[in-house]
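Following: one structure in structure tokens, then a few remarks.
The values are calculated or read from the model by the stated rules, or taken from the named source; none is laboratory data. All values derive from a computational prediction rather than experimental measurement. Note that we place each Cβ from the backbone using ideal geometry, even for glycine, and neighbour counts take in every protein chain shown.
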Amino acid sequence: MRYDVIVVGAGPAGSVTARFAAKRGAKVLLLERRAEIGIPVLCGEGVSQRIDKWNILESKNWIANKLDGAKIFSPDGTKVTLSKEMAGNETGYVIYRDVFDKELAHLAGKAGAEVMLRSEVIGLVKEGDKIKGVKVRRMKEDFEIEADIVVGADGVESKIGRWAGIDTTVKPNDLETCVQYTFSNVDYPTDYGEFYLGKKIAPGGYIWVFPKGDGVFNVGIGILANFSKPGLALKLLNAFIEKKLPDFKKGIPLRLLAGAVPVAKPVETVRDNLLLVGDAARHADPITGGGITTSLEGGRIAGEVIGDAVEKQRFDRERLAEYEKRWKEAFGQKLLRNYMVKEIMLDFDDKTLNMLADSLKDYSFEEFSTLSLLKALVLKHPTLLMKLKPLIKLSEKKMEKKI
Amino acid sequence: MVKHKAKVDERECLSCGGCISVCPVDAVFMKNLRAFVDQSLCIGCSICVNTCPIGAISLEE
């Protein structure tokens with residue numbers, strides 16, 4: 001068997017990469033180790049409404065609910081509100097990630113990619129140092145598939161990068177370790193996403209509440225792994241529900257899931273005959289932990305660059321570096337900025353968080369984004385957040401250039 | 001001194017992959033869609049043990 005491109009992992013980044021490469025005429029194989037795409041869900045299921053503009057999805061079946069905004073609670077309960085009225089009506093969706101992933105894989109297939117389930121990649125095929133394809137285990141049978149390009153879309157636990165010699169090990173201070181319940185039958189009338197901050201509530205992370213509509217909610221926690229002890233994330237979430245979210249105690253638990261989100265600096269994403277996309281490339285926002293938008297944007301860029309590479313029959317690192325250049329232009333600055341913000345925020349104690357929240361409790365934000373939150377913070381606390389100031393400027397300059 | 005090695009309780013594992021991503025010696029991987037520690041490579045550093053959000057990994061002799 002031989003393909004131009006093998007994409008390992010049919011999550012959003014993999015499926016979008018496969019689709020845009022296939023669309024440009026490449027012969028693409030999309031491999032998924034699971035028996036069902038999108039299952040198990042490993043996600044908080046919140047995403048910015050910005051993705052509407054990209055026309056990457058065709059249906060609306062994956063939308064569970066549209067948020068009215070976000071409420072952020074500091075440790076003492078002070079509330080900062082970002083509502084749709086002040087944010088130009090664009091907020092976020094709560095999604096069905098399994099439906100979302102299936103649609104993206106479907107669209108990859110429709111564009112011409114071949115999709116293969118229950119196919120686990122157990123190694124790279126190499127000739128000397130040169131990557132020639134992948135070793136696959138499928139229903140107890142091991143075999144090799146050749147390709148000019150291998151794409152690692154194999155998630156936070158990516159092995160493809162490591163096998164290719166890229167050090168993708170995530171440091172515990174760069175990983176959010178998460179658990180989440182989905183409850184039904186909850187009498188908690190809100191369509192706002194809620195975020196709870198505090199060193200005791202969720203050290204180095206936050207607790208979230210995402211309404212999926214009809215009394216169904218995702219309630220989850222992410223904590224930084226270097227503050228974690230065995231099972232601490234689940235213990236903290238249970239304790240918070242017990243103490244602060246009594247309405248959820250009466251809910252019916254339909255799902256418990258665990259997750260891990262890289263909140264790291266992006267790694268090297270290109271080698272000869274190889275690219276990394278999505279969580280494998282550490283393309284997740286270090287502040288929010290969101291990775292869907294960057295996976296879609298990055299996947300599309302990867303697919304287009306691969307399409308060109310196949311057309312020109314050039315698979316060397318220099319050629320593929322176009323991908324790295326373009327994702328850095330699209331969202332690299334933002335990831336780097338938010339990484340630095342994450343590092344600065346880790347130094348804030350609960351008292352500081354309360355003070356910051358108090359100063360923003362009546363603030364009118366210009367849009368529904370972390371950037372608008374950061375801008376407001378810098379404006380209100382120029383000295384405290386001195387280190388943030390140049391970072392915010394940096395990204396504004398970037399935006400001006402784009403316009 | 002007794003050497004300790006990490007072990008995943010496969011009945012508990014929810015396969016989030018966090019332990020795999022933080023392992024400094026690449027000793028953890030997915031086996032039958034659950035995390036699995038190759039004990040011949042494990043150095044007993046306990047990073048994966050602490051990372052697990054549901055406490056499904058422990059150090060064993």
Just the residues that are under 25 Å from A:V219 (Cα atoms) and polar (S, T, N, Q), please, taken from the range A:9-54.
A:S48, A:Q49
What are the residues in the range A:215-239 that are touching a residue at least 40 places away in the same chain (Cβ under 8 Å) and within 14 Å of another protein chain (Cβ to nearest Cβ), if any?
A:G220, A:I221, A:G222, A:I223, A:L224, A:A225, A:N226, A:S228, A:A233, A:L234, A:L237
Residue list for the range A:88-121, filter: modelled with pLDDT under 95 and among the hydroxyl-bearing types (S, T, Y):
A:T91
What are the residue pairs meeting all of these: first residue in the range B:44-56, first residue more than 9 Å from chain A (Cβ to nearest Cβ) and touching a residue at least 40 places away in the same chain (Cβ under 8 Å), second residue buried (at least 23 other Cβ atoms within 10 Å of the Cβ) and in a helix (DSSP H, G or I), Cβ atoms under 6 Å, and 6 or more apart or on different chains?
B:C48/B:C19
Does the range A:14-69 hold any residues that are among the basic types (K, R) and within 14 Å of chain B (Cβ to nearest Cβ), and which are they?
A:R33, A:R34
Listed residues B:S40, B:S58, B:S21; which is more than 11 Å from the chain's Cα centre (by Cα), modelled with pLDDT of 95 or more and either under 20 Å from A:T169 (Cα atoms) or not in a loop (DSSP other than H, G, I, E, B) (or both)?
B:S40
Hits in the range A:149-178 - residues which are in a strand (DSSP E or B), of a type in the set (V, I, T) and under 17 Å from the mean Cα position of the chain (by Cα):
A:T177
Quick check, is B:C16 part of a loop (DSSP other than H, G, I, E, B), within 11 Å of another protein chain (Cβ to nearest Cβ) and in contact with a Gly (Cβ under 6 Å, 6 or more places away or on another chain)?
yes
Please go through (1) in contact (Cβ under 8 Å) with a residue 24 or more places away in the chain; (2) out of contact with any helix residue (DSSP H, G or I) (no Cβ under 6 Å at 6 or more places or on another chain); (3) assigned to a loop (DSSP other than H, G, I, E, B) for A:K60 and return the number of the only condition it doesn't satisfy.
(1)
Being within 16 Å of A:K159 (Cα to Cα) and away from every other protein chain (no Cβ under 11 Å): is that true of B:V37 here?
yes
Would you confirm, using the coordinates I've provided, whether B:F36 is farther than 18 Å from A:C43 by Cα, buried (at least 16 other Cβ atoms within 10 Å of the Cβ), in contact (Cβ under 8 Å) with a residue 12 or more places away in the chain and of a type outside the set (A, V, I, L, M)?
yes
Spot the failing condition for A:E242; the list is (1) touching a helix residue (DSSP H, G or I) at 6+ places or on another chain (Cβ under 9 Å); (2) at the interface with another protein chain (Cβ under 10 Å from one of its Cβ atoms), and only one is missed.
(2)
Could you grab me the full set of residues in the range A:27-57 that are β-branched (V, I, T) and either in a strand (DSSP E or B) or surrounded by 17 or more Cβ atoms within 10 Å (Cβ to Cβ) (or both)?
A:V28, A:I37, A:V41, A:V47, A:I51, A:I56
When you scan the range A:311-321, do you find a residue that is in a loop (DSSP other than H, G, I, E, B) and touching a strand residue (DSSP E or B) at 6+ places or on another chain (Cβ under 6 Å), even just one?
yes
Of the conditions (1) out of contact with any helix residue (DSSP H, G or I) (no Cβ under 7 Å at 6 or more places or on another chain); (2) basic (K, R); (3) within 14 Å of another protein chain (Cβ to nearest Cβ), the single one that A:K325 does not satisfy is (3)
Output the number of the condition that A:A284 fails; it satisfies all remaining conditions of (1) crowded, with 22+ Cβ neighbours inside 10 Å; (2) part of a loop (DSSP other than H, G, I, E, B); (3) in contact with a helix residue (DSSP H, G or I) (Cβ under 6 Å, 6 or more places away or on another chain).
(3)
